[in-house]
Amino acid sequence: MQTVKFVLSPLNNIVSLNEVNINHVDLVIDRIKSNGDKFFIPNDFYTTKDRNGKTIYDYLFEQGKHEIDLLRQIVLQTSGVDESYTELFSQDKVGYVTFDKSGFQEEKRMLCAEKMEDLPKVYLQMINDFTYNDLYEWSERCFPNLMFTEDSFIHAEQIGSFQDNKLDIINALETLDELMDEERKQYSEQELLEVLQAKSGVTCSGKGSNESGTFKKKILLKDEKNREFHTEISCIPHFKIEKKHSDKRLHFSWGKEEIRKNAIIVVHVGQHWSSENEKEALIKNYIHHA
């Protein structure tokens, strides 16, 4: 699996540091590490001046300042890296953890994570050369609120390369990932499909009048003791990749209460739904807790 290097960005305004944004950054760092990615602090973090001409080195070892104590904990737990910020800014696939993105130019701001909700968007900026398999491997990084069956992308090459379909697929998945629980409770299914289409710009519909078939997927679940049991989900809703009447599909399920409380499950990217898609499959990296 491809990994990403993240570094702590220079501080834009040291005196504005507060406990809230330090805690946000701490959560981002924990998620980066749990994703298997690397987090470093460049050596010139300590000597880079903020907009007031101050450096963190002047403050870091002062006593009695709660914010500095919190920042010191992050620093002491993190390895350094010799590369300068100038060198890092010229590299691909480097993300930035920051207390304040306003000091970054627009093109670099998209690579900055200030809060947890920023992190998936940073990962999405790094998928230009990806394949379907790469996207599947990064699915939990890019779309943390979604679930994917282990066979969700095995037929994807039927509709062309990921590069050919990247824009529609990413827009569809990102819109699903950002769908709020309140929206799911507030709207009917048809209204939800219309919301998804409006937000993604990709045609989204339920079962067509001329379509037959069950649109069901068999799911094999395993619990923490590796015991297996089976369930079935409905996979009728889908995005139509490329154009309104396309047979290029991204099928998903609204889920079930017993599977991570109705998390949306992506089950098929490929051509029109067929019996092949109904074969039993595990959900990626999921252990069912009763």
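Overview of values
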item: Rough spin-label spacing in nm, given labels placed 7 Å along Cα→Cβ, for His230 and Asp129; result: 4.4 nm
item: Ordering of 33-42, 180-189, 95-104, 74-83 by burial proxy (mean other Cβ atoms within 10 Å per residue, highest first); result: 95-104, 33-42, 74-83, 180-189
item: Dipole moment magnitude, nearest 20 debye, segment 132-278 about Cα centre, only Lys, Arg, Asp, Glu C-beta charged; result: 240 debye
item: Lys/Arg +1, Asp/Glu -1 at C-beta; the chain dipole; positive extreme among Ser234, Ser161, Val266; result: Ser234
item: Computed FRET value (nearest 0.05) for Asn285 with Asn52, which takes r as the C-beta separation and R₀ as 30 Å; result: 0.10
item: Within the chain: Cβ-based charge dipole about Cα centre, in debye rounded to nearest 20 (Lys, Arg +1; Asp, Glu -1); result: 320 debye
item: For segment 86-100 and segment 118-172, distance of Cα centres in Å; result: 23 Å
item: Separation of the Gln105 and Gln2 label points, Cα + 7 Å toward Cβ, nm; result: 2.3 nm
item: Contact order normalised by residue count of segment 39-195, Cα under 8 Å, 6+ apart, percent; result: 14 percent
item: Read-out percent of Cα pairs over 36 Å apart, derived from the coordinates shown; its label in (i) 28; (ii) 16; (iii) 39; result: (i)
item: Global form of segment 132-278, assessed from the alpha-carbon gyration tensor, a/c cut-off 1.5; result: rounded
item: Efficiency of FRET between Tyr85 and Asp164 - r from beta-carbon atoms, R0 30 angstrom, step 0.05; result: 0.25
item: Tensor-based shape of segment 79-186 (alpha-carbon gyration tensor, a/c under 1.5 rounded, otherwise prolate or oblate); result: oblate
item: Relative contact order for segment 5-124, counting Cα pairs under 8 Å that sit 6 or more residues apart, in percent; result: 36 percent
item: For peptides 264-275, 223-234, sequence by mean Cβ density within 10 Å, most packed first; result: 264-275, 223-234
item: For segment 89-137: relative contact order, % (alpha-carbon pairs under 8 angstrom, 6 or more apart); result: 29 percent
item: FRET efficiency estimate (nearest 0.05) - Cβ-Cβ, Asp223 to Lys261, R0 22 angstrom; result: 0.85
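Throughout, read-outs are computed from the coordinates displayed, never taken from laboratory work. Note that this is a predicted model, so its numbers are computed, not measured. Positions of Cβ are backbone-derived with ideal geometry, glycine not excepted, and every protein chain shown enters the neighbour counts.
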